[in-house]
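In what follows, a structure is listed as structure tokens, so that the remarks can point back to it.
The values are calculated or read from the model by the stated rules, or taken from the named source; none is laboratory data. Because the structure is predicted, anything quoted here is derived from the model rather than measured. All Cβ positions, glycine included, derive from the backbone under ideal geometry; neighbour counts span all protein chains shown. Just so you know, the surface numbers come from the protein's heavy atoms only, side chains and all, with ligands and any DNA or RNA stripped out. Shrake-Rupley method; radii C 1.70, N 1.55, O 1.52, S 1.80 Å.
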Amino acid sequence: MDVLLSVLSVSLFASTIRAATPLMLAALGGIFSERSGIVNIALEGIMLAGAFFAMMISYFGAQMGFPPLVSAAAGLVGAIIFGFLISMIHALVSIRFQADQVVSGVAINILAVGLTGFLLQFIFKTSGNSPSVPSLPAMPIPLLSKIPVLGDIFFNQSPIVYIALLAVPLSAFVLFRTPLGLRIRAVGEHPKAADTVGINVFKLRYLGVGLSGILGGLGGAYLSIGQLNIFTEGMTNGRGYIALAAVIFGKWNPWGALGACLLFGFADAIQISLQNAGVNIPSDFLLMLPYILTLIALAGFIGRSRPPAAAGAPYEK
Amino acid sequence: MNKKTPVIEMRDMTKVFPGVIANDHINLAVYEGEVLGLLGENGAGKSVLMSVLYGLYPPTEGEIFVRGKQVDITEPKVAIEHGIGMVHQHFMLVPPFTVAENIILGSEPRTGAGTLDIAKAAEDIKALSEKYNLEVDPYAKIEDISVGMAQRVEILKTMYRGAQVLILDEPTAVLTPQEIKGLFKIMRNLTESGVPVIFISHKLKELMEICDRVTVIRRGKMIGTIGIEDASPQVLASMMVGRDVVLEVDKEAGHPKEVTLDVKNIHAVDQNGLPVLNGVSFQVRAGEIVGIAGVAGNGQSELIEVITGLHKAKSGAVQLMGETITNHSAKQIIHGGIATIPEDRHHRGLILDFSIADNGVLGSHDQPPFARWIRRNFDAIKDYADEFIQEFDVRTPNQEALVRNLSGGNQQKVIIAREIGREPNLLIAAQPTRGVDVGAIEFIHKRIIEQRDAGKAVLVISNELDEVMGLSDRILVMFHGEIVGEIPGEEATEDELGLYMAGAKRNTPPSQGGETK
């Protein structure tokens, strides 16, 4: 009990937010994609690619003599671009060629593992870990970061954390308050109905998948140049899948996904804290915690949540 | 009238799909102030023609004129811009969205900040619904409203986009007789306020009632346009089919004998645990046809599924010839003597990518003579197939043909051959003529009556009131998972049945609680 109390600290909650950030970004991407009707298992691979290219571009920025912050910022942009490009492979295969979306996603995930591993070897002549590169460090927000407790939890973090926190209300706003959001949701529920009122189903699906590429790439960048300053092979470690679980858990709603990601982030953070506190539980069990929560979420213990009716089904005119 | 410019005119419209000429030089014109009927059998090309007009398919040949001006309609957006509104046979509404969201989708009003202006939408919708007398609740979700209201939403959707002509594709299939009257009133309102209507249907009575002129097509070819004053159901039917058809079901009175099927106080729930059958009791005797009428979705499907072992009853009992078969497996029930023509032939009745011969023995495929021990007997299967293809007049090159490639009517004949071939004690025929053309309907009805006359018990479930009234010796009406009316077949009228179907009338005792006595 004492141990448990000792780990419940401000730093635990701050690390909950950090652990939740990549999940949040990817989950928001997943929401846009699935709301438009495309199941996006490729998030895992998109994140991995985002993590790699963020590192790579930040590395070359530094090599060319740019200041660390500029290099890291360029890395972030690079992650967005490459995340988008990889998502477009998925979009092309599942929208244009109407292939099975799960198969396409799995293929992209395997491709991302191979591609990043290969490029690590090819460019950096190393395997396992990349060299260290400039990262995006914590940037305390003036004034707000001075608020006791909350300041340290929310306002003394990497800029990517702020982006993720802002992306939640923004996504909810777009989906539920704008004509664009209405159309994205219509296309995911009943594409034929949308088509008959003159809405371009394909365009909106490309947009949904593209947003998931951008957000997934950002989430990946946070892993390599946000939390750390290196890229490690396979560093996403299933986070793309956990983000998808958060989408389901959160009932395809940004706010719901935020809650789910915070829960998963908390499981991750407490697992680290308990290990550090030297709790007498094998670390393997603690490591399992976030994944067990994921399984519970997927098994639907949270009450029935209904996916967009047309998610996973290719649309033929 | 013909001196005026038509609001919409299609000239020499031809649409060729690979291997099929769906429309072959069809001419059609609709004028202000009229309802134009478009009549044809299933697969005659009515829907294709209208889909071309609405920009869903590009035409192969032919021209479209809107108020005398030639236009190229490349996609629905362009059709909408030219004031063409279409209500599709299967509603194009997003179920979890509200009425207002569905109506504005694609033409959303925006606030100054660019966000959705739902309040403005609701206001506009209210004004429109008053103008055309189309009552809807803008804030209700589509999944919660009645079919009749969903249809009004569809019509409002077109009006919201400024439609100057309205196409209704088989709009009455899902409505009660009273709702159909309501719809006809709406159609008259529309034509009076300057919006002509194209009414696609194969129901002759309805065409006679509402149309000013009727254009008939058969197998993609234009047969002609006839003024309603020159038409009669008989005339329209022979134009549609190309020969004289018997429209009335011709049958002697039944001679009911012992009770074959006894359903006692059945209760059942759907997969969400919501009640779908609330104490259903009835009997079917040997030598009688009992018909079940009702608006789709009032428990008819679940009732058949419970009787045939595809849906679990929570309480109550089903007895066949005195033996309780409640919740037995489908296989046991088939072997016990119940044959079923399922309501959805693609979903439950056939394996589309199997041959006619294989489909013909489904359910008996493991029984002699079609199987010996673990081996199938292909000779017996083939002989049997050749036999029923002959007897049931299945139009096919041979028994190897895939069922997928048959027309709806011929597919249905394969099922009927198979089910009657079981020599059942009870034949259940659910929507036996859905999507089947007039000629085949006549044939199927004859076969069903033959079964009765051979002393079998027959249970018919249909959304087509004419069919239930024509076939049944006794009619039961289902509403909200209960049987609310029982009427002798010869006394039933459409109006009276409609009242029961809408839940406005009841002549059966209220059902008992959830437990069997």
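If DNA, RNA and ligands are ignored and the probe is 1.4 Å, what is the ranking of A:Glu233, B:Glu258 by accessible area, most exposed first?
Working: A:Glu233 85, B:Glu258 105 Å².
Result of the area sort, largest leading: B:Glu258, A:Glu233.
Region B:258-307 to region A:214-284: how many Å between their Cα centroids?
Region B:258-307 and region A:214-284 have Cα centres separated by 52 Å.
Please give the average number of partner chain Cβ atoms lying within 10 Å of the Cβ of each residue in B:100-109, rounded to a whole number.
5
Using protein chains only and a probe of 1.4 angstrom, how many square angstrom of B:Thr158 are accessible, to the nearest 10?
Counting only protein heavy atoms, B:Thr158 exposes about 10 Å² to solvent.
In nm, to one decimal, how far is the modelled label at A:Leu287 from the one at B:His346, with both set 7 Å along Cα→Cβ?
Reported label-point gap for A:Leu287 and B:His346 is 5.0 nm.
Could you tell me the accessible area of A:Ile41 in Å² (1.4 Å probe, neighbours in place), rounded to the nearest ten?
Accessible area, nearest 10 Å²: 30 Å².
Can you list residues whose amide H is under 5 Å from B:Thr5's amide H, if they're 5+ apart or on another chain and H is modeled 1.01 Å from N?
none
Starting from region B:1-100, pick out the trypsin sites (Lys or Arg not before Pro) whose DSSP state is loop and whose Cβ has at most 14 other Cβ atoms within 10 Å.
Here the trypsin sites (Lys or Arg not before Pro) that fit, given the DSSP loop and packing criteria, are B:Lys3, B:Lys4.
Calculate the length of the line joining the C-alpha centroid of region A:91-162 to that of region B:454-470, in whole Å.
So the separation of the two Cα centres works out to 64 Å.
In debye, nearest 20: dipole of region B:369-413 around its Cα centre with unit charges on the Cβ of K, R (+) and D, E (-)?
280 debye
Residue by residue, what Karplus-based ³J(HN,Hα) values in Hz, rounded to whole numbers, does region A:111-121 have, using 6.51, -1.76 and 1.60 with θ = phi - 60° and x for Gly and Pro?
Values, residue by residue: 4, 5, 4, x, 4, 5, x, 5, 5, 4, 5 Hz.
Which whole-number value in Å³ per residue fits the convex hull of the alpha carbons of the protein assembly as shown?
For the protein assembly as shown, the hull spanned by Cα atoms encloses 230 Å³ per residue.
So how do B:184-194, B:26-36 stack up, highest first, on mean other-Cβ count within 10 Å?
Packing proxy ranking, top to bottom: B:26-36, B:184-194.
Roughly how many whole Å is it from the C-alpha centroid of region B:350-402 to that of region B:33-108?
42 Å
Could you please put B:Arg395, B:Arg447 in sequence from largest to smallest accessible area, using a 1.4 Å probe?
Putting B:Arg395, B:Arg447 in descending order of accessible area: B:Arg395, B:Arg447.
For chain B, what is the mean residue ellipticity at 222 nm derived from helices alone (per DSSP H run of n ≥ 4: -39500 (n - 2.57); sum divided by total residues; nearest 500 deg cm²/dmol)?
Computed ellipticity for chain B at 222 nm equals -9000 deg cm²/dmol.
What is the calculated FRET efficiency for B:His480 to B:Gln332, with r their C-beta to C-beta distance and R₀ = 22 Å, to the nearest 0.05?
0.15
Suppose only helical runs count, i.e. DSSP H with n ≥ 4. What mean residue ellipticity at 222 nm does that imply for chain A under -39500 (n - 2.57) per run, divided by all residues and rounded to the nearest 500 deg cm²/dmol?
That comes out to -22500 deg cm²/dmol.
Taking amide hydrogens as modeled 1.01 Å from N in the peptide plane, which residues meet the under 5 Å criterion relative to A:Phe231, leaving out close sequence neighbours?
Answer set, sorted by chain and number: A:Ser130.
Size of the dipole of region B:368-488 about the Cα centre, Lys and Arg at +1 and Asp and Glu at -1 on the beta carbon, nothing else charged, in debye to 20?
Values: 15 positive and 19 negative charges, 112 e Å.
Dipole about the Cα centre, nearest 20: 540 debye.
Taking the dipole about the Cα centre of the protein assembly as shown, with the C-beta of Lys and Arg at +1 and of Asp and Glu at -1, give me whichever of B:Phe65, B:Val35, A:Leu175 is farthest to the positive side.
Of the candidates, A:Leu175 comes out farthest on the positive side.
Rounded to whole Hz and in sequence order, give me ³J(HN,Hα) for region A:260-265 from the Karplus expression 6.51 cos²θ - 1.76 cosθ + 1.60, θ = phi - 60°, writing x for Gly and Pro.
4, 5, 5, 5, 5, x
Distance in nm between label sites at B:Val245 and A:Gln98, each 7 Å beyond Cα in the beta-carbon direction?
Label-label distance for B:Val245 and A:Gln98, simple model: 3.2 nm.
For B:Ser315, which sequence-distant residues (separation of 5 or more, or a different chain) have an amide H within less than 5 Å of its own amide H, given hydrogens modelled in the peptide plane?
Counting only residues 5 or more places away or on other chains, the set is B:His267.
Hey, what do the phi angles of region A:72-84 turn into as Karplus ³J(HN,Hα) couplings, whole Hz, using 6.51/-1.76/1.60 and θ = phi - 60°, x for Gly and Pro?
With the stated coefficients, region A:72-84 comes to 5, 5, 5, x, 4, 4, x, 4, 5, 5, 6, x, 5 Hz.
First measure r as the distance between the Cβ atoms of A:Leu166 and A:Leu8, then evaluate 1/(1 + (r/R0)^6) with R0 = 41 Å and state the FRET efficiency to the nearest 0.05.
0.90
Compute, for B:Asp366, the solvent-accessible surface of its heavy atoms (probe 1.4 Å) with the complete set of protein chains present, and express it in square angstrom to the nearest 10.
Counting only protein heavy atoms, B:Asp366 exposes about 60 Å² to solvent.
Projected onto the charge dipole of region A:2-304 (+1 at Lys/Arg Cβ, -1 at Asp/Glu Cβ, origin at the Cα centre), which of A:Ile153, A:Ser127, A:Asn276 gives the Cα projection farthest towards the positive end?
It is A:Ile153.
Taking 35 Å as R0, compute the FRET efficiency from the Cβ-Cβ separation of B:Asp386 and B:Met321 and round it to 0.05.
Values: r = 33 Å, r/R0 = 0.93.
That gives a FRET efficiency of 0.60.
State the extension gain, in nm to one decimal, for the chain segment bounded by B:Ser232 and B:Val78, taking 0.36 nm per residue of separation less the distance between their alpha-carbons.
Working: separation 154, 0.36 × 154 = 55.44 nm, distance 3.71 nm.
Gain on stretching B:Ser232 to B:Val78: 51.7 nm.
Going from most exposed to least, what order do B:Glu442, B:Glu464, B:Glu229 have by accessible area with a 1.4 Å probe?
I get B:Glu229, B:Glu464, B:Glu442, largest accessible area first.
Would you mind working out the magnitude of the charge dipole of region A:169-271 relative to its Cα centre, with +1 at each Lys and Arg C-beta and -1 at each Asp and Glu C-beta, to the nearest 20 Debye?
Taking the Cα centre of region A:169-271 as origin, the dipole is about 400 debye.
Can you return the lysines within cross-link range of B:Lys203? Criterion is Cα-Cα under 20 Å, with same-chain partners fewer than 8 residues away left out.
Those lysines meeting the cut-off are B:Lys46, B:Lys181, B:Lys185, B:Lys221, B:Lys446.
Which one, B:Asn102, B:Cys211, B:Leu128, projects farthest toward the positive side of the charge dipole computed for region B:8-241 from Cβ point charges (K/R +1, D/E -1)?
Highest projection toward the positive end goes to B:Cys211.
Across the Cα atoms of region B:8-241, what radius of gyration and what greatest pairwise Cα-Cα distance (Dmax) are found, in Å?
Radius of gyration, then largest Cα-Cα span, for region B:8-241: 17.8, 60 Å.
Taking each residue of B:88-97 in turn, how many C-beta atoms of other protein chains fall within 10 Å of its C-beta, and what is the average? Write out the running numbers ahead of the final one.
Numbers: counts 3, 0, 2, 2, 7, 4, 13, 4, 7, 6.
For this peptide, the per-residue mean of nearby foreign Cβ atoms is 5.
Just to be sure I follow the definition: excluding the sites themselves, where is the longest run in chain A that has none of the chymotrypsin sites (Phe, Trp or Tyr not before Pro) in a DSSP loop with at most 15 other Cβ atoms within 10 Å?
Formally, the longest exposed-site-free interval is A:98-300.
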